[in-house]
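**Q** Here's a structure for you.
The values are calculated or read from the model by the stated rules, or taken from the named source; none is laboratory data. Not measured: the values here are computed from a predicted model. Note that we place each Cβ from the backbone using ideal geometry, even for glycine, and neighbour counts take in every protein chain shown.
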Amino acid sequence: MRRRAERWLSSRFAPDLVHVHVAYPAGLFALYLKKRKKLDYIITEHNTIYIPNDNNKYEPGNFERKMTPVIYKNSRKIHAVSNTLANSLKELKLASGPVIIPNVVNTEVFNYKEKGRGRDFHFIHVSSLIHQKNPEGMLEALSLVKSIRNDFVVKIIGPAKKELINMAKNLSLNDNVDFLGEISYEDVAKEINESDAMIHFTRFETFGCVIAESLCCGVPVIVSDLDVTRELITDHINGLFVTKDNIQDLADKILLFMSKGIELAPKSIAKENQEKLNYNRVGKKFDELYRSI
């Protein structure tokens with residue numbers, strides 16, 4: 001691989017700049033290129049390990065602890081996908097003034113579509129269904145909701161393990177929860193558009209791509225109240241905030257949404273977020289970043 005890289009760097013297609021996504025371990029190769037070939041690099045950071053959180057159990061090894069600051073120090077520019085992540089990088093002394101550019105949404109796929117109001121409420125959850133996303137807590141909250149009213153369906157998109165599916169059965173949620181598994185990008189957009197709201201009971205995030213995609217469809221989000229989610233959501237305007245890890249509060253907010261809804265203009269929500277997160281706007285910001293170097 002090293003020999004192929006050497007040949008490529010000696011060819012007429014050799015780059016002027018290297019763009020690293022997630023500093024470690026990709027930054028090791030970028031650092032090598034800088035030292036050996038005098039190629040500058042920039043870093044785009046997405047990694048949740050830099051977000052302070054009691055549930056974030058990642059423990060880097062000694063080599064990673066040693067090399068990560070070196071990778072950051074040698075970068076020409078550092079880009080973070082949210083203010084929250086940028087502040088974390090500054091607190092860790094990995095970056096002094098990161099450029100903040102949000103993640104992008106394919107607004108050709110995720111966009112507003114008119115829909116009618118059905119008899120039942122339709123919710124959606126899209127994630128990797130790992131500990132960070134707290135799917136078990138969401139199911140427990142849905143069980144509390146069902147003890148009060150039963151007119152809802154939640155479609156769960158992601159690689160659900162047997163334990164999670166069995167948990168839904170044990171909570172008697174068979175008729176209320178539909179596990180769709182992993183589906184295409186376009187089908188995710190279709191399912192979001194057919195939903196009344198998204199549920200995102202996350203414990204920590206660096207941005208929240210599915211939140212942004214939902215908003216570009218004009219669909220509100222019932223979401224954990226975190227610094228990072230406040231960068232996208234305004235309470236009772238385009239979503240409802242839930243106290244992190246508070247199962248009862250999530251159930252209460254779902255019931256509030258079902259009983260009163262939210263005073264919102266879905267078309268305006270979609271338009272506002274499409275204007276901020278489309279390819280052209282975000283692409284121009286990256287072009288400015290590249291040209292600054």
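**Q** Taking into account only those residues within the range 20-49 that are part of a strand (DSSP E or B) and without any contact (Cβ under 8 Å) to a residue 60 or more places away in the chain, which is surrounded by the fewest Cβ atoms within 10 Å (Cβ to Cβ)?
**A** Residues of the range 20-49 that are part of a strand (DSSP E or B), as a first pass: 20-21, 41-45.
Now restrict to residues that are without any contact (Cβ under 8 Å) to a residue 60 or more places away in the chain: 20-21, 41, 43-44.
Numbers: VAL20: 23, HIS21: 12, TYR41: 23, ILE43: 27, THR44: 20.
Per the stated criteria, the residue is HIS21.
**Q** Restricting to the range 61-90, count the residues that are over 16 Å from THR229 (Cβ atoms), in contact (Cβ under 8 Å) with a residue 12 or more places away in the chain and out of contact with any strand residue (DSSP E or B) (no Cβ under 7 Å at 6 or more places or on another chain).
**A** Qualifying residue count for the region: 7.
**Q** Checking PHE110 against (1) over 17 Å from the mean Cα position of the chain (by Cα); (2) outside the structural domain of ASP252 (by TED's automatic domain parsing); (3) within 24 Å of LYS271 (Cα to Cα): exactly one of these is not met. Which one?
**A** Of everything listed in (1) over 17 Å from the mean Cα position of the chain (by Cα); (2) outside the structural domain of ASP252 (by TED's automatic domain parsing); (3) within 24 Å of LYS271 (Cα to Cα), PHE110 misses just condition (1).
**Q** Quick one: which helices (runs of 4 or more DSSP H) lie wholly within the range 172-290 and hold at least 2 residues that are aliphatic (A, V, I, L, M) and within 17 Å of HIS122 (Cα to Cα)?
**A** Values: elements: 185-193, 209-216, 247-260, 266-277.
Because the criterion is at least 2 residues that are aliphatic (A, V, I, L, M) and within 17 Å of HIS122 (Cα to Cα), the helices (runs of 4 or more DSSP H) in the range 172-290 that meet it are 185-193, 209-216, 247-260.
**Q** Counting only residues that are touching a Lys or Arg at 6+ places or on another chain (Cβ under 7 Å) and among the aliphatic types (A, V, I, L, M), which one in the range 95-128 is nearest to ASN170 (Cα to Cα)?
**A** It comes out as ILE124.
**Q** List pairs: first in the range 265-293 and under 16 Å from ASN111 (Cα atoms), second in a helix (DSSP H, G or I), Cβ under 6 Å, 6+ apart or cross-chain?
**A** These pairs meet every condition: ILE269/LEU215; ALA270/CYS216; ASN273/LEU215; ASN273/CYS216; GLN274/CYS216; LEU277/ALA212.
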